[in-house]
1. Select from region 110-156 the residues that are within 13 Å of the ligand (Cβ to nearest atom), in a loop (DSSP other than H, G, I, E, B) and hydrophobic (A, V, I, L, M, F, W, C) and write down the one among them that is surrounded by the fewest Cβ atoms within 10 Å (Cβ to Cβ).
2. Among the residues of region 319-329, which ones are open to solvent by less than 30 Å² (accessible area, probe 1.4 Å) and touching a residue at least 60 places away in the same chain (Cβ under 8 Å)?
3. Counting just the residues of region 63-84 that are surrounded by fewer than 19 Cβ atoms within 10 Å (Cβ to Cβ) and in a loop (DSSP other than H, G, I, E, B), which one comes out farthest from the chain's Cα centre (by Cα)?
4. Being part of a loop (DSSP other than H, G, I, E, B) and within 12 Å of the ligand (Cβ to nearest atom): is that true of P277 here?
5. Could you tell me which of the residues P272, P278 is modelled with pLDDT under 95 and in contact with a helix residue (DSSP H, G or I) (Cβ under 7 Å, 6 or more places away or on another chain)?
6. Working only within region 8-57, note down all residues that are modelled with pLDDT of 95 or more, polar (S, T, N, Q) and over 16 Å from the mean Cα position of the chain (by Cα).
7. Looking at S260, is it at pLDDT below 90, small (G, A, S) and open to solvent by 40 Å² or more (accessible area, probe 1.4 Å)?
8. Kindly indicate whether any position in region 249-256 is surrounded by fewer than 20 Cβ atoms within 10 Å (Cβ to Cβ) and assigned to a strand (DSSP E or B).
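The values are calculated or read from the model by the stated rules, or taken from the named source; none is laboratory data. Worth saying up front: this structure is predicted, and the values here are computed from it rather than measured. No Cβ is skipped: glycine too gets one built from the backbone with ideal geometry, and neighbour counts run over all protein chains shown. Surface areas here come from the heavy atoms of the whole protein model, side chains and all, with no ligands, DNA or RNA. Shrake-Rupley method; radii C 1.70, N 1.55, O 1.52, S 1.80 Å.
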Amino acid sequence: MSTMSERVLIVGGGIAGLASGLALARADAFVQILERAPALTEVGAGVQLGPNVTRILNAWGLLPAIQKVAFYPGNLCARNAKSGEILATLPLSNMAARYGAPYITIHRADLQNVLLEKVQALGVDVQCDSPVHELPTDLHKTTEAYVIADGVWSNLRQQLLGDGPPRMTGHLAYRALVAQADLPAHLRTQDVSVWMGPNVHVVQYPVRGGEWLNVVCLTEGQLQGISSQELQDWNLSKTPLDTRADLQSALKGTCAYLQSLIAACSNWRLWPLCDRPPMQSAAQHAQGSVALVGDAAHPMRPYLAQGAGMAIEDAAELGHQWTALANQDVGQRFAAFAHARWQRNARVQARAIRNGEIFHVTGPMQWARDVGLRTLGERLMDMPWLYGYERQ
Ligand SMILES: Cc1cc2nc3c(=O)[nH]c(=O)nc-3n(C[C@H](O)[C@H](O)[C@H](O)COP(=O)(O)OP(=O)(O)OC[C@H]3O[C@@H](n4cnc5c(N)ncnc54)[C@H](O)[C@@H]3O)c2cc1C
């Protein structure tokens, strides 16, 4: 049995930190979560969660609470942004039959609340207003295990791995939420749609039981004169109206539906996207008694809609190894976690980059992409390796 105490300090109370806290508390670890923000507030917007993720949430007993706030979309539609044509449709309503768990869309804050309630019910101590600026220098002597879950800009990762800040992708995410009741009937939807155009794409889907529509427009470009602090803000905005004007110019030439949708949303927020190259080794996931999870470990582009999903898969693996290797020390448990996770995360990161390239192709490649989707659409969009994943 380990000589270390079973105490785990988790840095960061986002999806990765809360999910890890939940999984480790279920595995009987004594967990404390330290969050920098004064309160866990409603930041972010919608997220899609595939059956690979809802299967875990179900095993944790969370689906009843999730059901009250999530939405179950009917289809995933791939569309041409210029003509509006539906190129391919993947039915999502039968995901539960195919993969044993549903495909849902949910507001990030609703997911965070469900996780927080469960974590607190399990007795985890969640401390807000508690930034952690550095890891102890004598880590090998401390009696605590650390789980670093402080997001894409993780300082602790940079201290541990020495690999500098994340990279700018040159992609900008504009995000808006609009009440479906405020939209004209032809703009309301029950589906997830991805509209692809040259150097741009738009994703839309309902959240909050279907009452709100989450809209994200991804364009290419750099922001001038922006500080690194501003870069870390999820809600960067000149003014919502100026932001909408920038967006309208980026989407010039797209179909009438998209033009109307952009004009109908007024609370645009801008988020410059940063990521890191796909993971290259297990050592990037854990070293001794320190493990990295979620965006701190593998920040990815949102083009496979799996960043929060991989954070939840990480958490499930941590919990599993904590129990399975209960007679070994924390370093061995974290090493087993890292070994089990890094290639899966690298694959998802790489595929997300590739999806972004396919979504944004220009010239004759657009024609080839559209023909491919028209002929092989459902087979290309369904991904058993992703949605059918179960830990080995
Ligand atoms: C446009 C867009 C769309 C997306 N869509 C999807 C999707 O459809 N599906 C999906 O699965 N994922 C999606 N994602 C990705 C997903 O949002 C992220 O991967 C996920 O939220 C990362 O969670 P995290 O807990 O690792 O990091 P974060 O959510 O960034 O949380 C980190 C936490 O750590 C805290 N913190 C930071 N520094 C410190 C410190 N020093 N001390 C203490 N606390 C600290 C922060 O305040 C924060 O609460 C999308 C992302 C973007 C940009």
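1. C128
2. Correct list: G319, W322.
3. Across region 63-84, the extreme among qualifying residues is S83.
4. No; evaluated as a whole, the condition is false for this residue.
5. P272
6. Across region 8-57, the qualifying residue is only Q32.
7. Numbers: at pLDDT below 90: no; small (G, A, S): yes; open to solvent by 40 Å² or more (accessible area, probe 1.4 Å): yes.
No; evaluated as a whole, the condition is false for this residue.
8. No: region 249-256 contains no residue that is surrounded by fewer than 20 Cβ atoms within 10 Å (Cβ to Cβ) and assigned to a strand (DSSP E or B).
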